[in-house]
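**Student:** Following this message is one structure expressed as structure tokens.
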């Protein structure tokens, strides 16, 4: 077998990463549903790649708990369960509070300006009741705080968590009353970070995540999902 050169190895690795991201996105957005089989040949034809990066992607998805491999059946979509979402919100309450504390200590003037711009956009889209843009702006608000913490580890962990609970966050923020409440909470967090009150910023962020989880659970009970 001919050995691959460094450029070919890099290409395969980057291709495998792209395939992983695409399949993961389809799991998280509900295109591939829990219990569905991921057939290598079908995915290969659908995505337009060989089966090698498909296998690599499935191995990574199994490590992340989004699929489980059954002997003689292949990869089965596990998805993100209600318990997964609840666990993630519990962890977010702890970790995002820390991110807000560190952001208050380390944020730059440019990042503060960006948060202020984000809040202006969030106010605009909240008034318009535009849930699609509200979710995007909400994500950006948290991402700037993650970056301002100056911790790569926190940025990676929390970025992944936000992806995993995206549908849950969308469900919560699609209700105008929750979107308006979130805007007020974001504004208070911003003010605490602006005056460099790390303790207050952490407390407000923890409270914000707690209220978001409570709102989500209320919506699910109202819809009869539980």
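**Student:** What pairs come out if I take residues in region 198-216 that are farther than 17 Å from residue 187 by Cβ and assigned by TED's automatic domain parsing to the domain that holds residue 102 and pair them with residues that are modelled with pLDDT under 95 and outside any helix (DSSP H, G or I) whose C-beta lies under 9 Å away, six or more apart or interchain?
**Tutor:** 215/175; 216/165
**Student:** Residues in region 102-112: is at least one over 18 Å from the mean Cα position of the chain (by Cα) and without any contact (Cβ under 8 Å) to a residue 24 or more places away in the chain?
**Tutor:** Within region 102-112 (the criterion being over 18 Å from the mean Cα position of the chain (by Cα) and without any contact (Cβ under 8 Å) to a residue 24 or more places away in the chain), the answer is yes, since at least one residue qualifies.
**Student:** Please identify the pairs in which a residue from region 171-186 that is closer than 22 Å to residue 114 by Cβ and in the same structural domain as residue 213 (by TED's automatic domain parsing) has its Cβ atom under 7 Å from the Cβ atom of a residue that is crowded, with 20+ Cβ neighbours inside 10 Å and modelled with pLDDT under 75, counting only partners at least 6 apart or on another chain.
**Tutor:** Listed by first residue and then by second, the contacts come to 179/173; 182/173.
**Student:** Residue 54 - would you say it is assigned to a strand (DSSP E or B), surrounded by 14 or more Cβ atoms within 10 Å (Cβ to Cβ) and at pLDDT 90 or above?
**Tutor:** No; evaluated as a whole, the condition is false for this residue.
**Student:** Based on what the data block shows, is residue 30 within 21 Å of residue 165 (Cβ to Cβ), in contact (Cβ under 8 Å) with a residue 60 or more places away in the chain and under 26 Å from the mean Cα position of the chain (by Cα)?
**Tutor:** yes
**Student:** With (1) surrounded by 16 or more Cβ atoms within 10 Å (Cβ to Cβ); (2) under 16 Å from the mean Cα position of the chain (by Cα); (3) modelled with pLDDT of 90 or more as the list, and residue 169 as the residue in question, which single condition is left unmet?
**Tutor:** So residue 169 meets the others, but not (3).
The values are calculated or read from the model by the stated rules, or taken from the named source; none is laboratory data. As the structure is a computational prediction, the values presented were derived from the model and not from experiment. FYI the Cβ positions are ideal-geometry reconstructions off the backbone, even for glycines, and counts take in every protein chain you see.
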